[in-house]
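Q: The structure's right below; bear with me while I get my questions together.
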Amino acid sequence: MSTLTLELTDSQRAFVEAERTSKGFATAADYVQDLIRQEETGELAALAEENGLLNERMERAKAERPAEYAKAMAWLKQIIEEGLASGPGRRMDDAAWEDLRARCRANRAAKDA
């Protein structure tokens, strides 16, 4: 493995650190390496294309069904605010997802009983 030194503006460094922290990377280098891996595998291009399609669908829904769109956006804003207010997040690995599924199944079974 080789070393590459980058010069970043203060705002770029702050952005990298914020992304590293929010996405659960141990170091800024790990975050940058993952970005490069995504670019190499075409993941970023696929995500950008999906985002463009999503934006088109949202604009079409906004124009064709404004009341439903407004209701959905209000709900989305509400759940985002609830999530932000719930405290720090955690990175979800396979075990965390399975734990969440198990708790959901247990809650469902308790309600059905």
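Q: Out of curiosity, is residue 98 of a type outside the set (Phe, Trp, Tyr), modelled with pLDDT under 95, in a helix (DSSP H, G or I) and closer than 23 Å to residue 21 by Cβ?
A: Against the criterion (of a type outside the set (Phe, Trp, Tyr), modelled with pLDDT under 95, in a helix (DSSP H, G or I) and closer than 23 Å to residue 21 by Cβ), residue 98 does not qualify.
Q: Given (1) assigned to a helix (DSSP H, G or I); (2) touching a residue at least 12 places away in the same chain (Cβ under 8 Å), identify the lone condition not met by residue 36.
A: Single failed check for residue 36: (2).
Q: Which of the residues spanning segment 1-41 are exposed (fewer than 10 other Cβ atoms within 10 Å of the Cβ) and not β-branched (Val, Ile, Thr)?
A: Answer for segment 1-41, where residues must be exposed (fewer than 10 other Cβ atoms within 10 Å of the Cβ) and not β-branched (Val, Ile, Thr): 1, 2, 4, 7, 10, 11, 26, 40.
Q: Tell me the residue from 83, 42 that is in contact with a Gly (Cβ under 9 Å, 6 or more places away or on another chain) and modelled with pLDDT under 90, please.
A: 83
Q: Filter segment 1-33 down to residues that are part of a helix (DSSP H, G or I), small (Gly, Ala, Ser) and within 15 Å of the chain's Cα centre (by Cα) and give me whichever is nearest to residue 87 (Cα to Cα).
A: Among them, the one singled out is 22.
Q: Looking at segment 61-76, is at least one residue modelled with pLDDT under 90 and either assigned to a loop (DSSP other than H, G, I, E, B) or exposed (fewer than 10 other Cβ atoms within 10 Å of the Cβ) (or both)?
A: no
Q: Next question. Considering only residues that are more than 16 Å from residue 24 (Cα to Cα), within 16 Å of the chain's Cα centre (by Cα) and either in contact (Cβ under 8 Å) with a residue 12 or more places away in the chain or surrounded by 10 or more Cβ atoms within 10 Å (Cβ to Cβ) (or both), which ones fall in segment 83-113?
A: Selection gives 83 alone.
The values are calculated or read from the model by the stated rules, or taken from the named source; none is laboratory data. All values derive from a computational prediction rather than experimental measurement. Every residue, glycine among them, receives a Cβ derived from its backbone with ideal geometry; neighbour counts consider all protein chains shown.
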